[in-house]
Amino acid sequence: MRVWHGKLVFVLGFFGCALMLTSWRAPQPGFYVPVNLPLQLNLVYSRLIRAEQQGEALSQELLKVLGQLQNRRNALFNLTSSNSSALWQERTLRRFLSTQPNVLLYLPHLKEHKDSLNPIVHLGQGRTGVSLVLGVPTVQRQKQSYLVNTLQSLLYDLSTAERKDIVIIVFVAETNATFVNAVAQSIQDNLPDAVSSGLIEVISPSPYFYPDFSALRETFGDSKERVRWRTKQNLDYSFLMLYAQNKGTYYVQLEDDIVAKQGYSESIKTYTGNVVAEEWLYLEFSQLGFIGKLFRTSDLPMILEFILMFHKDKPIDWLLDHILWVKACNPEKDLKHCNNEKARLKRTHKPSLFQHVGLHSSLPGKIQNLKDKEFGKQVLFKGHPNPSATLSSSLKHYQVYTLERAYSGEDFFWGLTPKKGDYILITFTKPEAVKGYLFRSGSIETNGDKFYNTTVEGLPSDSSVIESVERGELPCCKPSTDGFVVIGSFKNGIAEGDVDGALQKLSAIRLMVYSDSDVWVLLSEIFIKV
């Protein structure tokens, strides 16, 4: 309405000025001056009024259309709210396919099937907005699979906050539906909490994603089989980057046969924070191949396009070096100058945070004893300052891996196979106002040696508190035996939680085993928060 009113004022003003000028200037020979100008102004005014009314009617129609669109949007939202997975997959496809035109330039066979670039999402909650996206491609191997161990290593010592700020994307780079579903089921069975929380996603490509590899040209003395393997590997990395680029701030390329150093997430966060304002293309957290390379997700489209452009020509690590050369090197300078300039765009973190552990390559028949010398020795425990206490246990320790050394933060505790009724007892020198606790069993190297069906129990120093728990008056806790109350339990090898203040001070904390185990148990972290 305001727009039409503005136009009306402008036009009337224009004609008013024209009338004044006409009445002021003397007629020139041959110059026609209308004698009925006021009548014409009234006519123009009437037409403008009608135009304004028509514009108002059009505005009302537009508002109706907008209302209908809003209703359709709300209906779609209500429909898909009950099926959030479908909504997430639709949004994922929209983001994923927004980069499709460039991909089609280098993979023209994708034009033959409209869904050839669509990722098939098997597990996940559509997590986005995280700081760290970890990409783990996996393929069917003739020998041993290392995938679950790799994922357990990546999850091993993540804090609650870190678990909310990371997403791990497992890309099953195969089109065999039976194998893909088996991998997804294995991850679901072994890591259910990580899947249900959205920490882990599992995707695979369309059956039409991969081109015909039979016509590839053999280069650099590689056999046809090896050329096919490295070409497919380039496409696997590309697919994973396409999917990951809108999910977080940084993307880390990993493999399915690695082990992570304890505290890797915190180390990456600290290092990236120190260089965030500097110029670099990628950060290197492993010196082996393409493992542990961190990129800004905002740089992935450029890197992805370069890889796709030459995906049939060279291996991925060579292509990455060529990107550095293109961006940093002056052809008129010598090799030393070039290497110095490339070093500015490639920062290497020491020690390395990821180590290659696989013996059997995904290339059939290839054995690779690759080890990153900068990885160093893996630390299998984490120490904390704990309150003074006397320790006892029915579990027999192995060699020098005693409970006392674990409690003092000097080493880990390694006990022989737990049986029902076994316990670990921590009796404080004086009653403590315990705020929380953390017991972590297993380690990156012996991840299966965990506590199963085991509770964390506290002994209130005030007998009246014990009586209140036994009468059911404190909803926080359930009574156990010998005056102890259950305050938590082990889940996936970890017991962590806060202690309700209603329990007041505790005289002791006990770990109680309620079923026989098939494996030994290792306590790598004990933390009593006071």
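The values are calculated or read from the model by the stated rules, or taken from the named source; none is laboratory data. Just so we're clear, the structure is a prediction, and the values are computed from it rather than from any experiment. Heads up, the Cβs are rebuilt from the backbone with ideal geometry, glycines too, and the neighbour counts pull from every protein chain shown. Protein only, heavy atoms only, side chains kept; ligands, DNA and RNA dropped before computing areas. Shrake-Rupley method; radii C 1.70, N 1.55, O 1.52, S 1.80 Å.
Go through Trp414, Trp520 and list them by solvent-accessible area, largest first, probe radius 1.4 Å.
On the way: Trp414 50, Trp520 80 Å².
So, going from the largest accessible area down, we get Trp520, Trp414.
Under 19 Å Cα to Cα from Lys327, which aspartates and glutamates show up? Leave out anything in the same chain fewer than 8 places away.
Here the aspartates and glutamates satisfying the reach criterion relative to Lys327 are Glu278, Glu279, Glu284, Asp299, Glu305, Asp317, Glu341.
Shape call for the range 441-530 from the C-alpha gyration tensor, a ≥ b ≥ c root eigenvalues: rounded (a/c under 1.5), prolate (a/b greater than b/c) or oblate? Numbers along the way, then the final one.
On the way: a/c = 2.79, a/b = 2.02, b/c = 1.38.
Judged from the Cα gyration tensor, the range 441-530 comes out prolate (a/c at least 1.5, a/b above b/c).
Aspartates and glutamates near Lys382 by alpha-carbon distance under 12 Å, same-chain residues fewer than 8 away left out - which ones?
Reachable aspartates and glutamates: Asp157, Glu410, Asp411, Glu525.
Express in whole angstrom the spacing between the alpha-carbon centres of the range 409-472 and the range 109-147.
Centre-to-centre distance over Cα atoms comes out at 40 Å.
Once you have a ≥ b ≥ c as the square roots of the Cα gyration tensor eigenvalues for the range 272-359, tell me rounded if a/c is under 1.5, and otherwise prolate or oblate according to whether a/b is larger than b/c.
On the way: a/c = 1.42, a/b = 1.14, b/c = 1.25.
Taking the square roots of the gyration eigenvalues as a ≥ b ≥ c, the range 272-359 is rounded.
By a straight-distance test (C-alpha under 14 Å), which aspartates and glutamates pair with Lys505 as possible cross-link partners, with residues fewer than eight away in the same chain excluded?
Glu432, Glu457, Asp462
Cα-Cα over 30 Å: which of Lys164/Lys261; Lys247/Lys529; Lys293/Lys491; Lys111/Lys346; Lys114/Lys269?
On the way: Lys164/Lys261 19 Å; Lys247/Lys529 35 Å; Lys293/Lys491 32 Å; Lys111/Lys346 36 Å; Lys114/Lys269 39 Å.
The answer is Lys247/Lys529; Lys293/Lys491; Lys111/Lys346; Lys114/Lys269.
Expressed in nm², what is the orientationally averaged projection area of the convex hull enclosing the Cα positions of the range 185-293? If you can, show how the numbers build up before the last one.
Details: hull surface 39.9 nm².
Averaged projected hull area, Cα only: 10.0 nm².
Are there any trypsin sites (Lys or Arg not before Pro) in the range 192-229 that are in a DSSP loop and have at most 14 other Cβ atoms within 10 Å? List them by number. If you can, show how the numbers build up before the last one.
Values: sites: Arg217, Lys224, Arg226, Arg228; in loops: Arg217.
Hits after loop and neighbour filter: Arg217.
Rank by packing, highest mean first: peptides 329-335, 248-254, with packing defined as the count of other Cβ atoms within 10 Å averaged across residues.
On the way: 329-335: 9.3, 248-254: 22.6.
Output ranking for 329-335, 248-254: 248-254, 329-335.
How far, in nm, would the chain grow between Glu332 and Tyr271 when pulled straight, counting 0.36 nm per residue and subtracting the alpha carbon separation?
On the way: separation 61, 0.36 × 61 = 21.96 nm, distance 3.37 nm.
My answer for the length gained is 18.6 nm.
Just flag the trypsin sites (Lys or Arg not before Pro) in the range 427-530 sitting in loop per DSSP whose Cβ has no more than 10 other Cβ atoms within 10 Å.
Working: sites: Lys435, Arg440, Lys450, Arg471, Lys491, Lys505, Arg510, Lys529; in loops: Lys435, Lys450, Arg471, Lys505.
In loop regions of the range 427-530 (DSSP not H, G, I, E or B), the sparsely surrounded trypsin sites (Lys or Arg not before Pro) are Arg471.
Just give me a number: lysine pairs in the range 398-481, eight or more positions apart or cross-chain, with C-alpha atoms less than 25 Å apart. The partial results should precede the final answer.
Numbers: Lys419/Lys450; Lys419/Lys478; Lys420/Lys450; Lys420/Lys478; Lys430/Lys478; Lys435/Lys450; Lys435/Lys478; Lys450/Lys478.
Taking the Cα cut-off of 25 Å, the pair count is 8.
For Leu300, what is the net charge nearby, where nearby means another residue's Cβ is under 12 Å from its Cβ and Lys, Arg count +1, Asp, Glu -1?
With Lys, Arg at +1 and Asp, Glu at -1, the neighbours total +1.
How about the range 194-228: which chymotrypsin sites (Phe, Trp or Tyr not before Pro) there are in a DSSP loop, with at most 14 other Cβ atoms within 10 Å of their Cβ?
Values: sites: Tyr208, Phe209, Phe213, Phe220; in loops: Tyr208, Phe209, Phe220.
Passing sites in the range 194-228 are Phe220.
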